Structures are given as C-alpha cells and as structure tokens.
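Inspection log for the structure reproduced underneath, given as structure tokens.
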Amino acid sequence: MEKNVEDLKILAEQWFHQGVEFAQHIPKNQLYAAVGALLLTTIFLFSRRLFRRTKSNTVLLSRLSGSGKTVLFYQRFRQPWQMGRLRRLLRMISTLRP
C-alpha cells in the first residue's frame with residue numbers, strides 16, 4: 001500500500017514538473033488572458049447561482065419498473081391544494097405522448 005502511495009507521489013511530481021515546463025513555453029500575455037477568462041467565468045457562474053431568484057425543484061425518479069416510482073409521485077401530490085398541479089402535469093404529459 002505504501003509503495004503505491006509513493007509511486008503516486010512520484011507520478012504527481014513528474015506531472016507537476018511537466019506542467020510547469022509547458023507553462024514556461026506559453027507566452028505570458030496568452031497565459032494571463034487564459035487565467036483572466038477562467039476567473040471571469042468562475043465569478044459569473046457563482047454570482048448567477050447566488051442571485052438566482054427561484055431554485056428549481058425538479059426530481060428525476062429513475063429505477064426499475066415496479067419499484068414504486070408512480071406511488072411516490074402520487075403520494076407527493078396527494079394533498080388537496082396540489083391536485084390542480086397534478087391535473088395540469090398529467091394533462092401536459094398526455095399531450096406529449098404520440
């Protein structure tokens with residue numbers, strides 16, 4: 001086990017040195033532009049996630065047939081105030097089927 005860890009350490013160090021060598025051959029302006037684009041994209045995605053007003057509440061039920069997916073679905077919409085949502089959803093699903 002310790003031999004595997006040592007081998008992984010050596011391999012990681014080799015990859016690190018190869019990456020540093022590769023980065024040294026890239027022009028600095030190109031490297032700065034790539035890092036800037038990466039940071040800008042990361043900031044944009046995090047800010048979009050933070051300031052999103054509504055959070056999606058979609059659940060995908062995927063299991064073998066006969067495993068109770070439909071039972072779970074109907075139990076979720078059993079409350080009287082949600083029956084309208086259930087009817088609309090079932091109507092929408094029935095229009096999608098060929």
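Note on Val20 and Thr95: their simple-model spin labels are 6.2 nm apart, each label 7 Å out from Cα toward Cβ.
What does the C-alpha gyration tensor say about the overall shape of segment 2-50? Classify as rounded when a/c is under 1.5, otherwise prolate if a/b is larger than b/c, or oblate.
Working: a/c = 8.37, a/b = 1.57, b/c = 5.33.
Oblate is the answer for segment 2-50, as a/c is 1.5 or above yet b/c matches or exceeds a/b.
Values in this text are rule-based calculations from the coordinates and carry no lab data. Keep in mind it's a predicted model, so treat the numbers as computed, not measured. Here Cβ is always computed from backbone atoms with ideal geometry, including for glycine, and neighbour counts include all displayed protein chains.
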